[in-house]
Amino acid sequence: MLSGDHIRQSFSAALPIMLGYVAIGIPCGILCASIGLDALQVFLLSALFYSGAGQFMIPNMWLAGSPLASIIASVSLVNTRQMLYSAAFAPACKGVRKRLAFLFSATVTDESYGVNTARFEAGDWSVGRATLVNLFSQSSWALSNVAGVLVGNAIGVPLAIAAFAMTSIFICLLVTQRPTPANLVAAAVAVLGVFACKAVGLGGPAILVGALAGVAAALAFTWAKERG
């Protein structure tokens, strides 16, 4: 049973994520509004789908004229990482009620995964409190997306500014990585892959192809280095 102190602990842990989601959720809502989604549709998308990268990809690829099959395949592939996050928490969910374990695993994201992993490693953390971290974060994301729809409809924020929000996230993730040879290879090949796709007119799947090429190149580099 969660006490008031447990709720406060979860909120405190989730607060940095929630504030970050406001900054990127509003641009995401603006982009969603640009393809005709209303506030209710965006709220339901955020609540049921809940994938920042995926929700940015959908309107961006739609505006780029990508076919529906390409959008579905790209978003699905990007979100396969969520299964790994959930699987990583399997030991912590032993003995936990199935409904709670399901809710916890269904609401894990990149940011809440990092926060909850650190809390579990530090000890004195529970799946109940971790689930609250996920739900607080999701609530912030959903409400920020709705705010983005309302703001976008009211003042007409340029789409170029909103679209760059997701790019800025990837830049932040890149500069915070350790500059290991494998990471440098991955970044370089990913950039080249994106440019190559765009050069031949494949703008829709460019990010997906670049990311896969970067990961494959880094794995091949690491394998070759270990064999050598």
| query | Based on the Cβ-Cβ distance from ILE35 to ASP110, what FRET efficiency comes out when R0 is 30 Å, to the nearest 0.05? | reply | 0.80
| Tell me, what is the per residue accessible area of the chain in Å², probe radius 1.4 Å? | 56 Å²
| Taking only DSSP H segments of four or more residues, each worth -39500 (n - 2.57), what value at 222 nm results for the chain once the sum is divided by all its residues, to the nearest 500 deg cm²/dmol? | -26500 deg cm²/dmol
| Once you put a point 7 Å from the Cα of ALA182 and another 7 Å from the Cα of ALA73, both along the Cβ direction, what distance in nm separates them? | 2.8 nm
| Two-decimal Rg/Rh across the stretch 1-80, once Rg and the Kirkwood Rh are taken from alpha-carbon atoms | 1.09
| request: With a bin width of 10 angstrom, please list the P(r) values of the stretch 4-176 as percents of all Cα-Cα pairs, from the 0 bin to the one holding the largest distance. | output: 10, 36, 34, 16, 3, 0
| said: At a threshold of 8 angstrom on Cα-Cα distance, excluding pairs fewer than six apart, so keeping six or more, what relative contact order does the stretch 1-136 reach in percent? | reply: 35 percent
| Accessible area of VAL185 in the full protein assembly, 1.4 Å probe (Å², nearest 10) | 40 Å²
| Excluding ALA13 itself, what net charge comes from residues whose Cβ is under 9 Å from its Cβ, given Lys and Arg +1 and Asp and Glu -1? | +2
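The values are calculated or read from the model by the stated rules, or taken from the named source; none is laboratory data. All values reported here derive from a predicted model rather than from experimental measurement. In this analysis, Cβ positions are derived from the backbone assuming ideal geometry, glycine residues included, and neighbour counts consider all displayed protein chains. Each accessible area value is taken on the protein alone, full model and side chains, heavy atoms only, with ligands, DNA and RNA left out. Shrake-Rupley method; radii C 1.70, N 1.55, O 1.52, S 1.80 Å.
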